[in-house]
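Every number here is computed from the coordinates shown, using simple stated rules; none is lab data. Computed from a prediction, not measured in an experiment: that's the story for all the values here. Methodologically, a virtual Cβ is constructed for each residue, glycine included, from the backbone with ideal geometry; neighbour enumeration extends over all protein chains shown.
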Amino acid sequence: MLNYAALQKTVAKVMKSVKQGTIYIGIPSGVAPADPNKPWLPGIAEPEPIAVDAVAFTVERKYVNGDTIVATDLQITAPHPGFEVTLSHKLKIDGAWYSISALERIPEAGTAVAWILFARK
């Protein structure tokens with residue numbers, strides 16, 4: 001039987017050596033105060049960024065379904081960041097924030113080792 005806790009550490013070590021700069025997973029931080037000049041518009045808080053060693057590239061064709069994943073999305077592979085990633089998280093890549101449109105936890109049950117995240121602006 002695989003030791004997923006040890007595998008999680010191995011994946012994190014490998015990702016450190018192949019990462020492309022720093023990619024951030026943004027944890028939603030609530031609502032910011034409204035702009036005093038436009039009090040009718042709610043403020044938008046910047047997510048709290050958590051750095052992860054990850055790689056980003058154009059989505060692989062096998063994942064494209066035309067709905068939650070489209071050909072122009074980015075596909076990000078990242079080690080488990082220490083918390084469960086959800087669709088409400090954001091990704092910051094090269095200074096721009098992206099929404100997570102779909103995600104795949106590896107493995108699907110038990111101790112998470114890595115994530116494949118699909119993102120778009």
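Against the empirical 2.2 N^0.38 Å scaling, what ratio does the C-alpha Rg of the stretch 38-88 come to?
Numbers: Rg = 15.4 Å, N = 51, 2.2 N^0.38 = 9.8 Å.
Taking the Cα Rg and dividing by 2.2 N^0.38 Å, one obtains 1.57.
Listed by chain and number, the lysines placed with their C-alpha closer than 26 angstrom to that of Lys9 are Lys19, Lys90, Lys92; residues fewer than eight positions away on the same chain are left out.
Extension gain Thr68-Ala51, at 0.36 nm per residue separation less the Cα-Cα distance, in nm? Spell out each step's value before the answer.
Values: separation 17, 0.36 × 17 = 6.12 nm, distance 2.48 nm.
Gain on stretching Thr68 to Ala51: 3.6 nm.
Look at Met15, Met1 and count the other Cβ atoms within 10 Å of each Cβ; fewest to most, that gives Met1, Met15. To the nearest ten degrees, helix 4-18 and the longest principal axis of the Cα atoms of the chain are 70 degrees apart.
Taking the Cα centre of the chain as origin and assigning +1 to Lys and Arg Cβ atoms and -1 to Asp and Glu Cβ atoms, the resulting dipole is close to 260 debye.
Averaged over residues, the count of other Cβ atoms within 10 Å places the peptides 97-104, 109-116 in the sequence 97-104, 109-116, highest first. Under the simplified labelling scheme, the Asp94-Ala6 pair shows an inter-label distance of 4.0 nm, with each label point 7 Å from Cα along Cα→Cβ.
Send over the semi-axes of the chain's equivalent ellipsoid, whole angstrom and largest first, taken as the square roots of 5 times the C-alpha gyration tensor eigenvalues.
Working: eigenvalues 162, 60, 37 Å².
Square roots of five times the eigenvalues give 29, 17, 14 Å.
The distance between label points at Gln20 and Phe83 comes to 2.5 nm (points 7 Å beyond Cα on the Cα→Cβ vector).
Could you tell me which of Pro36, Trp115, Ile100 has its Cα farthest along the dipole of the chain towards the positive end, charges placed at Cβ (Lys, Arg +1; Asp, Glu -1), taken about the Cα centre? Of Pro36, Trp115, Ile100, it is Trp115. Within the straight-line cut-off of under 17 Å between alpha carbons, the aspartates and glutamates reachable from Lys121 are Glu46, Asp67, Asp73, Asp94, sequence neighbours fewer than 8 places apart in one chain being disregarded.
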